[in-house]
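Notes to accompany the following structure.
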């Protein structure tokens, strides 16, 4: 329970750090899509540890294998099993975690919920779990791009108190990938990188905010009243490790405007109905309106710090714990492909659901 | 598709404004629970229009009837059908909406998605849809309270730029209900009310922020990796009309702290494992940790303003539209019971899921 | 839990005998379908008690009302609430059931499972529950007919040891409705009716077999490996009250043939791939192959007999019970529309699922 | 879509013949269950090809590996990935299938549905897919046995026209495994084996019937109205390759009795409510009544025969095809563990669902 996401394009992730590997089963992928490992690996490489000096130095190639669901380079419409082996085992780095709960980590709650816990590497709570998401999301993203021309992008817009200025309509993948912090605003990217290096030197960590966008989403995706598009996007983002907040369009800041100021007036542009502003974030009444969808996701500072902290052991006795091992000082750069992947998964699922609806309309009887 | 919420305690809402009524089917309610309309009506009354001078003056008694699922005042374990008739029909007040799209409302997207739209009263996009949620949530809330002693509360903590100071641990229902804006901070409640009256006089509207809390939730609720407790809470809140953002615990503000500052140290208190701070908001790794769960939800200003606005008609031609009829200048006071209801629905579902997990453990074989 | 059926076209039935009524919520109905009560009532009339001298003489008009989901005679794409009031209350006829369990009925198991039971009229175990199915199925059937030209039919082919000869390919609705037992083989229909009257006179009951068919189903519906078309049809039929068996195509009798005898050879007919026999029953590998789908459903004799029977009371003490009230001596004639309704629900859901699959294929890239 | 089974204990199978392997993800397994490959392998060995002279001589060890979900020999409560590599690749044996459709096989319908088909070994339509089911079912079976003392068994009771006499209450696993056809009636087992060898010599195949039983199921499992226990069992069995029919308890034969003859009288036995006969098959009103659950499943003769048969090629042109390769002359012996596995999966899921229901009852308020 709880390890599947999506209705019609559904992923189920599996795997722990320090076990036989991690991966995903993708059920509901349309058949006849050209698909090889090369379609998935680039996003995994962007998620990979050790990719830059501001990520954890752990060495894992995260090489993906497709075990099922394709034939002669095309999808069969059957479940696709994607597998990444675990490579860099260092259980000894985690031995203290066997008996102590890391503050603000999931050690205590997992132990309490399940009565057991794979402490080496954090087990299922490791960020390695997101490999399955990124792999499944890469497939969804490809379908969205090739079938509907949808472009999905994310980038870092804030690290602690360093804010970037990024226009959701125009920033490019090239700009995002032009620096290791994945911030397209080159005026602040260096400062973000420096900040991350500073806190790492101090044995500390930082968090920040990621902007996610989807451009070219057709009008009409989203399933009110509960599966509104922003509700499913919100759930997707809040299911990512370390995320603490989600806002669509104007979000929390929109509260400062009155209704007359906040509303997006409609206009006619090139024969299409458009809005002159986009405080709605591309979604109205839970349904895409054809404008660019954009949202922001808050990620807390990484819980594992290289400083002595107060905690309790598994017997409930008070003790202290100092982080060891190789950890990210900031999850943001590696979380960018995760945000993109989850966005793709939500959108494709909703696109297929709307397609099913339209397919059931007795066409000859009535037109829109 | 999209009108059901929950796995084991599942509600399905139905109904439009200006039709035969609105309501909900509750499937999965435990049997033998004492239940009559009197258990549900109080929360509906708190959601009702016309309850105060800062809500819409529409007159609807919103009297609930139970059509199925109970026998001799107790639940049967079968589906419970709750129905509220529509009363205050004024389709003429909406006639202009038949041919024009209200800016930042769902008129355009519904028309585009479905090719048809019940324009009187906004049809399914009316806030009347939330009656089913509040009714179903009232049942969930009762079970949580009587079975686990869980207390669920919400209150208004911000209206536009007026901020309240509210401690999630201590504010009471009595304080919330002591004023019509449902803000327990009496030092600002009057100012909030004045502000709402001012913007209404100007034909405008305002939004704000609601704080939701759940006290007494057992350790161990939440289903990683996708159905994390905060992910499902986030989805629930973002599925409410006019909501634009959700943050759990420290949320977006937590980004300004370093990891060492942000972490919640564990300690032993009265023989239980507790945290000395609660920036996690009662959830770690997607699972409740026994501390108070708290989160904030942003609601945008109401889209229907009594001012002339630019828009297009259903033929895509540019025109203007001025709001008419009886609308809320601010949804916040009436949204408080909605937030509570959705919180209860999420928590009960997760409580039952965890119970199912524990039931499957071959007890004699192994203990925690 | 357990009161919903379908993924994309989903019904949730609700209601007990002797309560506020029975009904259904239909979620996922395509928008813009012309729909009024007149589309649903005819199938309900075929299910209604008191329709002939071989059904229960209970008088209920079973008049359906649509409370939501339509506007100006067309569906909105939002949940459709269909409601039938209960009319003929006679709780006194069931008073003995309050304290005694009817043999082979659901009284004991409901009491054991839920710890409570609505004994008047059997509560939720009453055949009245199927009203919601028939109502929802009538909508599905209309869509299948108008959108894909699919014809769904069922008829009685066996009552106790009286067997009819019916060709799944050719029997007509007119023939089925030409007699009160709903058997299109006029050579045995009278004998079936006599038999039912005989057993009723003796205070006893009989069962039989219904044949269900679907003609014109496109090739390619069905979702292996678990949601095979025959698996979902089987589940649908076995969820009907009193059903004890299901077989597709050659079924249990097919076991008497060898593989060479049983296989359906392919041939080319009018440019299409067809089979020269149809022992597969229109489904191969869980997917429709374009031939007529046909299956048989066994219904046991009605459990309520007007004879003294050994049983126990709610305290577990042995006693006897003799059926009273107005019951069907044979469910078969009234079960025909139930079988049709469930068939329609399964097929429409699968048709929409296949449509969603096809919608996701990047068309320009590859053709079949 | 369609590759998952279960709500609370959910398996998702994946894999094709002639690819990277086959397997299953099990989500919802309770934590702390001792589990190693040795718990799963025995059932896989009973399903394995080449196990006797009446199964296909294909050589595959079907050795299972657990890649995730356990730690130090116990389950974590996280997804369990079970993987069996494919070993005996002989695509050349299937080359003719690349261009011709085998009669009564799934070649044509898969090609029509997906527009692509993994023809070597039948791809996803291969019986190898059931490895994932048997592996997942072995875990469910262990939990049912250790947590509730439930015993699940199946056996062959008919091969073509050779019928066995088997009492669902008393036959034992030892008796089932005492011969290679898995029929506990030793008076006919040899005749069944001979018959299978005869038809194989003739290049032909046979089908038959399997009896499935579950002993010791608690009263109260099953979720009316749609997820009745027999409905879910029926779906499970009809999702198995080559199954054509399912009947619970008296099944189709029960139609020959009157109600008075068919009903199971209740009595009091050792302080418990029991029935003196069991035509209900252990389920009444969709809910287990504490008696032994038993049902029968019809399997058609294997479609692949070593005789020339009429068919069409992928261009729709008429041709002939003669089976080649190594196939089972009768699936029954190998289907016995499949029936057991699916039975276990259905029962555990329902047991957990009922546990969730009971957990939600505010205990101090009311007792049964």
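Below are the figures for this structure:
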{"read-out": "Cubic angstrom per residue, convex hull over Cα atoms of the range B:4-357", "value": "150 Å³"}
{"read-out": "With eigenvalues of the C-alpha gyration tensor scaled by 5 and rooted, the range A:4-122, Å", "value": "31, 19, 12"}
{"read-out": "Average beta-carbon neighbours from other chains, 10 Å sphere, peptide D:95-108", "value": "4"}
{"read-out": "Choice from B:196, B:314, B:116 showing the highest fluctuation, given a GNM over chain B with Cα pairs closer than 10 Å", "value": "B:116"}
{"read-out": "The protein assembly as shown - Kirkwood radius from inverse mean 1/r over Cα pairs (Å)", "value": "32.7 Å"}
{"read-out": "For B:94, A:294, order by how many other beta-carbon atoms lie within 10 Å, fewest first", "value": "B:94, A:294"}
{"read-out": "Shielding of A:59-71 by partner chains, average beta-carbon count, 10 Å", "value": "4"}
{"read-out": "Candidates B:91, B:184, B:31, ranked by Gaussian network fluctuation over chain B, Cα under 10 Å, top entry", "value": "B:31"}
{"read-out": "Spin-label proximity, residue D:322 to the range D:197-218 - amide N less than 12 Å from point 7 Å beyond Cα toward beta carbon", "value": "D:203"}
{"read-out": "Between 0 and 90°, nearest 10: helix D:186-201 axis offset from chain D longest Cα axis", "value": "20 degrees"}
{"read-out": "Top of B:278, B:179, B:270 by mean-square fluctuation, Gaussian network on chain B, Cα under 10 Å", "value": "B:270"}
{"read-out": "Using alpha-carbon coordinates, inclination of helix B:130-143 to the longest axis of chain B, degrees", "value": "20 degrees"}
{"read-out": "Amide N of the range C:205-222 lying under 12 Å from the label point, which is placed 7 angstrom from the Cα of residue C:174 along Cα→Cβ", "value": "none"}
{"read-out": "Calculated FRET value between residue D:163 and residue C:165, using beta carbons and R₀ = 35 Å, to 0.05", "value": "0.85"}
{"read-out": "Modelled FRET efficiency - R0 22 Å, residue B:190 with residue B:59, Cβ distances, 0.05 increments", "value": "0.25"}
{"read-out": "Residue order, fewest to most surrounding Cβ atoms within 10 angstrom, among D:172, D:205, D:258", "value": "D:172, D:258, D:205"}
{"read-out": "Computed [θ] at 222 nm, helices only, for the protein assembly as shown once each DSSP H run of length n ≥ 4 contributes -39500 (n - 2.57)", "value": "-8000 deg cm²/dmol"}
{"read-out": "Cα-based helix-to-principal-axis angle, B:332-359 vs chain B, degrees rounded to 10", "value": "40 degrees"}
{"read-out": "Peptide-level mean, for D:7-13, of C-beta atoms on other protein chains within 10 Å", "value": "6"}
{"read-out": "Which of A:315, C:105, A:163 has the fewest Cβ neighbours within 10 Å, and the rest in rising order", "value": "A:315, A:163, C:105"}
{"read-out": "Relative contact order of the range C:4-357, pairs being alpha-carbon contacts under 8 Å that are 6 or more residues apart, as %", "value": "22 percent"}
{"read-out": "Relative contact order, percent, the range C:89-179 [alpha-carbon distance under 8 Å, six or more residues apart]", "value": "17 percent"}
{"read-out": "Radius of gyration and maximum dimension Dmax of the range C:100-252, Cα, Å", "value": "18.0, 51"}
{"read-out": "Projected label distance in nm at residue D:268 and residue D:88, using a 7 Å step from Cα toward the beta-carbon", "value": "5.9 nm"}
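Taken together, the values in this text are just the output of simple stated rules run on the coordinates, not laboratory data. Small disclaimer: the values here were computed from a predicted structure and weren't measured. All Cβ positions, even for glycine, are placed from backbone atoms using ideal geometry, and neighbour counts span all protein chains on display.
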